[in-house]
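As structure tokens, the structure follows; a few thoughts come after it.
The values are calculated or read from the model by the stated rules, or taken from the named source; none is laboratory data. Remember, it's a predicted structure, so these values are computed and weren't measured experimentally. So basically every Cβ, Gly included, is an ideal-geometry build from the backbone, and we count neighbours across all protein chains shown. Just the protein is used for accessible areas: all its heavy atoms, side chains included, with ligands, DNA and RNA removed. Shrake-Rupley method; radii C 1.70, N 1.55, O 1.52, S 1.80 Å.
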Amino acid sequence: MRDLFHVPEGGPYLMSHSVGCLPRAARAALDACYLEPWQTTGGAAWGPWLETIEKFRAALAGLIGVAADEVAPQQSVSSALFSLLSGLRPTPERNRVLMSEQAFPTVGYVAQGLERLGFETRLIPAAQSPGDVATWESHFDESVAAVVAMHVHSNTGVTSPLAEIAAMARRHGALSIVDAAQSAGILPVAPHAWGADAVIGSSVKWLCGGPGAAWLWLRGDLTPGIEPLDLGWFGHEDPYEFDIRSFRPAADARRFQGGSPSIAPFALALAGIETVTALGQDRILGHNRDCIAAFAGAVDRPIDMTGRGGTLCLEFADVDRLHAVLAPGDFRYDVRGRCLRASFHAWNSPEEAKALGRAITEAGLAFRLVS
């Protein structure tokens with residue numbers, strides 16, 4: 001599996017939760033889908049360029065089990081969430097956007113920015129676990145217009161009870177939105193099984209597609225009632241009508257596309273999705289769990305990944321010493337606060353996981369699995 005990626009030289013690369021490794025197929029995809037049409041046809045490249053966008057929509061739709069016409073390419077998770085929430089019509093009685101304080105900050109920033117449109121942001125305190133159904137139940141009421149739940153929380157690896165959250169949202173008349181940026185490519189993303197109304201995500205992490213190729217899925221029957229504020233000619237029912245006085249939103253998810261799409265990011269992301277799909281997410285997840293089991297054996301303690309994503313999130317009392325201990329092995333990881341984040345993807349091996357565990361154990365470093 002490692003041979004399918006360009007893995008940075010040095011020690012184990014454990015940063016899939018941040019930026020996945022470049023697939024070896026990516027350069028050829030960029031040339032064939034973006035550069036070659038431009039070089040050989042100039043302005044006529046828009047034909048094959050837009051075919052690339054459609055191929056991305058189809059590949060992403062296949063990955064998460066939805067219809068391609070329900071997928072809208074986006075520049076980022078932030079733009080996807082803004083486009084979606086800005087299309088809602090809050091009322092004084094129903095205007096709250098509910099999310100955990102443990103959510104990735106960008107979703108909170110978007111919600112706060114939309115307060116000028118009449119929304120109100122309600123943050124569930126970080127001390128209340130977003131992995132517990134009771135946490136969400138205690139904060140839901142009829143004032144909630146939309147709930148945004150992380151599939152996987154980036155600083156803990158904990159997953160949200162998405163089916164239960166979606167059911168709560170339906171009972172209270174709220175829109176349920178899932179952020180799958182930290183899960184797509186390693187955990188199954190299943191909008192219909194969850195009963196979710198919308199899913200937003202990125203290609204840069206486990207999907208190994210690089211930045212600039214995010215996406216929005218919205219349940220098809222909801223689309224006609226949501227009109228985003230981020231308008232552009234590619235969101236028009238007929239982009240080539242060219243009547244400045246007449247904007248009619250597209251009937252499907254294309255209404256969320258806005259202006260001219262960036263092509264190169266989606267050519268690269270397409271290669272990432274195709275590589276991950278060819279390997280199989282189940283196989284990648286199984287390999288991830290094998291690596292974590294190898295780490296657990298090296299530290300001689302059980303690591304329970306039930307209800308978690310693909311990232312080991314371990315809290316250390318002495319982070320400075322942790323950095324010093326791992327430096328000789330040139331491990332590629334990151335730390336948020338006191339939390340070491342280490343992710344095992346297809347290019348990693350159980351031997352690398354054991355090496356990480358041995359380095360920690362031999363140094364006598366105490367840690368706990370973050371919850």
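Within segment 239-315, which GluC sites (Glu not before Pro) sit in a loop by DSSP and count at most 14 neighbouring Cβ atoms inside 10 Å?
241
Among 30, 279, 268, the largest mean-square fluctuation in a Gaussian network model of the chain (Cα springs under 10 Å) belongs to 279.
For segment 1-42, what class follows from the C-alpha gyration tensor (a ≥ b ≥ c being the square roots of its eigenvalues): rounded when a/c is under 1.5, otherwise prolate if a/b is larger than b/c, else oblate? It comes out prolate by the Cα gyration axes.
Here is the list for segment 45-131: GluC sites (Glu not before Pro) lying in DSSP coil, each with at most 15 other C-beta atoms within 10 angstrom of its C-beta, are 93, 101. Of interest is the spacing of the C-alpha centroids, which for segment 234-291 and segment 40-66 amounts to 8 Å.
Could you check which residue among 113, 42, 157 shows the biggest mean-square fluctuation in a GNM of the chain with a 10 Å Cα cutoff? In this elastic network of the chain, the residue with the biggest mean-square fluctuation among 113, 42, 157 is 42.
For segment 156-235, the relative contact order works out to 23 percent when only alpha carbon pairs closer than 8 Å and six or more residues apart are counted.
For the chain, a Gaussian network of Cα nodes joined below 10 Å ranks 44, 32, 346 by mean-square fluctuation, and the top entry is 44. The sum of -39500 (n - 2.57) across all DSSP H runs of n ≥ 4, divided by the residue count of the chain, sets its helix-only mean residue ellipticity at 222 nm to -10000 deg cm²/dmol. Ligands, DNA and RNA left out, the 1.4 Å accessible surface of segment 246-371 is 50% carbon and sulfur atoms.
Which whole-number value in Å² is the accessible area per residue of segment 192-333, probe 1.4 Å?
Using a 1.4 Å probe on heavy atoms only, each residue of segment 192-333 averages 42 Å².
To put it simply, the accessible area of segment 71-176 at a 1.4 Å probe is 52 percent carbon and sulfur. Measuring with a 1.4 angstrom probe and ignoring ligands and nucleic acids, residue 339 comes out at about 10 Å² accessible.
If a/c stays under 1.5 just call it rounded; otherwise compare a/b with b/c (prolate if a/b is bigger, oblate if not). Do that for segment 293-371, with a ≥ b ≥ c from the square roots of the Cα gyration tensor eigenvalues. Note, shape of segment 293-371 comes out rounded. Taking all protein chains together, 334, 290 sort by accessible area into 290, 334, largest first [probe 1.4 Å].
Spatial offset of segment 295-312 relative to segment 147-208 amounts to 22 Å, using the alpha carbon center of each.
In a simple Cβ point-charge model (Lys, Arg +1; Asp, Glu -1; nothing else charged), segment 123-213 has a dipole of about 260 debye relative to its Cα centre. Using only the C-alpha atoms, the convex hull of the chain corresponds to 134 Å³ per residue.
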